Amino acid sequence: MIASPASALARKGMLADPGDHFKGRYEVERKYAVDDLTEITVRIEADGAIPFTLGNRETDVFLDWPDGRLAALGKQQVIRSMQPSGRVLWFVKGPQPDECIATDMEDFDKALAMLAALGCVEADRVSKQRDIWFLGDFHLTLDRVPGLGDFVELAIMTDDEESLAGWAEKIEAFAADLGLRAGALQTRSYRAMLADRR
């Protein structure tokens, strides 16, 4: 018996096909602090958002070489574990603000072991609860970060560098439509914000 596409997605902990949502060299993203994720969830569901993964705990392990060469170049290398969906991502961000290259991996522990064998060391670790939704061209992540609070990220990925400014405008207009206040925009990463609290 051949498994249906839906059952294959379910085995991977996914509720929808990601299509082209995570394809591209650049990620245009805007992150907003919010008081209530429930209100946002109700709003995007009413707008027809499609759930991709819900109720995941994500653990990001930041890796560099002991001499900090990636940080010196303005780059971040991360292995991300998502449970219970079982997804594992390896991605590199920077040096440009919107530059992001990502690929799926099979095994979190093996990926970490391989990079350790190449001399990488753990530089930091960040965990969060995350739901991912699709709405039109955008993917939306609803995050609860221990020690920081709740956030909504709106993003797209693309290979077209010339389109980045246009996508930024569209995301900001979309955020306004969702009632996300411009004053709640966060320009720093969770990692940087958590570092300030240590």
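Each reported figure results from applying straightforward, stated rules to the coordinates on display, with no laboratory input. Predicted, not measured: the structure shown is a model, and the values here were computed from it. Please note: Cβ atoms are built from the backbone with ideal geometry, for glycine as well, and neighbour counts cover all protein chains shown.
Students often get this wrong, so check it: of Lys75/Lys170; Lys128/Lys170; Lys93/Lys128, which have C-alpha atoms separated by over 23 Å?
Where the Cα-Cα span goes over 23 Å, the pairs concerned are Lys75/Lys170; Lys128/Lys170.
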key: Cβ-based charge dipole, the chain, positive-most Cα from Leu89, Tyr26, Ala116   = Ala116
request  = Calculate one ³J(HN,Hα) per residue across segment 65-76 by plugging θ = phi - 60° into the Karplus curve 6.51 cos²θ - 1.76 cosθ + 1.60, and present them in order as whole Hz with x for glycine and proline.
outcome  = 7, x, 7, x, 5, 5, 4, 5, 8, x, 10, 10
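For the chain, what does the relative contact order come out to in percent, with C-alpha contacts under 8 Å and a separation of six or more?
29
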request  = Provide the per-residue ³J(HN,Hα) series for segment 97-110, in order, calculated from phi with Karplus coefficients 6.51, -1.76, 1.60 and θ = phi - 60°, each as a whole number of Hz, with x at glycine and proline positions.
outcome  = x, 9, 7, 8, 10, 9, 8, 6, 10, 8, 9, 4, 5, 5
ask   = Pick from Thr53, Thr41, Thr158: which is most flexible by mean-square fluctuation in a GNM of the chain where alpha carbon atoms under 10 Å apart are linked?
value = Thr41
message = Using Cα springs under 10 Å in a Gaussian network model of the chain, which residue among Phe62, Phe174, Phe134 shows the largest mean-square fluctuation?
response = Phe174
query = At what distance in nm do the modelled label points of Ser189 and Arg69 sit from each other, each positioned 7 Å from its Cα along Cα→Cβ?
reply = 1.9
ask   = Considering every Cα-Cα pair within segment 47-198, what fraction, in whole percent, is farther apart than 28 Å?
value = 23
ask   = For the chain, modelled as a Gaussian network with Cα springs under 10 Å, which listed residue fluctuates most, Leu148, Leu54, Leu180?
value = Leu148
remark   = Counting sequence-distant residues (5 or more places) and residues on other chains, those with an amide H built under 5 Å from that of Cys120 are none
ask   = What distance in nm separates the simple spin-label points at Glu122 and Asp107, each placed 7 Å from Cα in the Cβ direction?
value = 1.9
Under the Karplus curve 6.51 cos²θ - 1.76 cosθ + 1.60, θ = phi - 60°, whole-Hz ³J(HN,Hα) for segment 37-43, x wherever Gly or Pro sits = 5, 4, 4, 5, 4, 4, 5
request  = In nm, give the distance between the simple-model label positions of Asp159 and Asp36, each being 7 Å from the Cα along the Cα-to-Cβ direction.
outcome  = 4.4
note = If every Lys and Arg gets +1 and every Asp and Glu gets -1 at its Cβ, then about the Cα centre segment 25-196 yields a dipole, in debye to the nearest 20, of 480
